[in-house]
1. Is it the case that some residue within region 43-61 is closer than 20 Å to P128 by Cα, among the hydrophobic types (A, V, I, L, M, F, W, C) and outside any loop (DSSP other than H, G, I, E, B)?
2. For the condition basic (K, R) and buried (at least 19 other Cβ atoms within 10 Å of the Cβ), what is the one hit in R58, R21, R110?
3. Would you be able to say whether some residue in region 148-165 is within 20 Å of G280 (Cβ to Cβ), crowded, with 19+ Cβ neighbours inside 10 Å, touching an Asp or Glu at 6+ places or on another chain (Cβ under 8 Å) and at pLDDT 95 or above?
4. Pull up region 238-254, narrow it to residues that are surrounded by fewer than 13 Cβ atoms within 10 Å (Cβ to Cβ) and not hydroxyl-bearing (S, T, Y), then point me to the one that is farthest from the chain's Cα centre (by Cα).
5. Yes or no: region 281-297 includes at least one residue that is at pLDDT 55 or above, of a type in the set (G, A, S) and part of a helix (DSSP H, G or I).
6. Among the residues of region 225-280, which ones are more than 25 Å from P201 (Cα to Cα), without any contact (Cβ under 8 Å) to a residue 24 or more places away in the chain, assigned to a loop (DSSP other than H, G, I, E, B) and not small (G, A, S)?
7. Mind checking which residues of region 77-126 are within 21 Å of D165 (Cβ to Cβ) and in contact (Cβ under 8 Å) with a residue 60 or more places away in the chain?
Amino acid sequence: MSDFNVGFVGLGLMGSGFTERLVEKGYSVFGYDRKPEKVEAAKKQGVKATENPADIARHATQIHVCVMTPNDLEEVIFSKEGLCGNPGIAEILVDHSTTPVDVTKDFAQRLNKKTGIQWIDAPVSGGPSAAREGTLAIMAGATEQTFERAIPILQHLGECTRMGDVGAGQVTKMVNQILVLNNYCVQAEALAMAEAGGVDPEKIPAALARGHAGSNLLQHLFPRMIKRDFEPAGYAFQILKDLQMVGDLAKSLDVETPMSAQATMLFSKLNDAGNGKLDGTSIMKLYKGELGIPDTGEDSQSVEIFSQ
């Protein structure tokens, strides 16, 4: 089998970007998703559909995975139709999912013991458009030898940095999420003040670009919040999941994360109000009284969350 064959499990928002990029770079991509509509969309991009993850392993030595939860990842690997069921020619599994560090280490050991397949935890930052363009930030945890074997493909997907052994990529992703996800709340707060103070918010990104407040997120998120553009490039429920993972890791490391705890509370309220499938920019709803909490028959004046 050619080294130009790549496997990919999970063809959602991020996975479709990854596979489009890999096909563009000349790889034969064998893909699987449990949702038929995702498979059909991927086929239109040139992805070759497979019946299950084990079927992918018949074609590719390097298999990439981008799924939602640890349970999904466990199914991909350890179920009857997963990689362990028929590892085929697979040699390396690259997990782009945001997966807890302890789960990552456990799955990596179990997979290697059963099949000899090496693990790279390679979570990413940048979103679906960066996946399509090959400009992601990729933070990897793997042995040096495994990383060197995988880098010819990974380098097409973005700037990939080995942070240490297995698990180090996921620790770095939690650092990334502290910096990024708290910033959703900070930008919504800043926009609420700009709008209340009569400042033209559309001028804010350019006005602040050369100062310390200037950032990729200011240029990307702030205009979307102004327009109340909540079409998902990612999901609010994913942000809550990741913030909860930050809290769990912080607790295990005995590290205080009070800012992230506040952000977790805010995204919990946003999700509890039925906004989980909107983009994280919808956190703006909390700051402008736009939450739209479903009527439960109870007094729901607590929309004014900051007066509690």
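1. no
2. Answer to the check: R21.
3. Scanning region 148-165 turns up no residue that is within 20 Å of G280 (Cβ to Cβ), crowded, with 19+ Cβ neighbours inside 10 Å, touching an Asp or Glu at 6+ places or on another chain (Cβ under 8 Å) and at pLDDT 95 or above.
4. So, considering only residues that are surrounded by fewer than 13 Cβ atoms within 10 Å (Cβ to Cβ) and not hydroxyl-bearing (S, T, Y), the one farthest from the chain's Cα centre (by Cα) is D254.
5. For region 281-297, residues at pLDDT 55 or above, of a type in the set (G, A, S) and part of a helix (DSSP H, G or I): present.
6. D254, V255, E256
7. A90, V94, H96, S97, T98, T99, P100, V101, D102, T104, K105, V124
The values are calculated or read from the model by the stated rules, or taken from the named source; none is laboratory data. What you see is a predicted model; the values in this text were computed from it and never measured. Backbone-built Cβ (ideal geometry, glycine too); neighbour counts: all protein chains shown.
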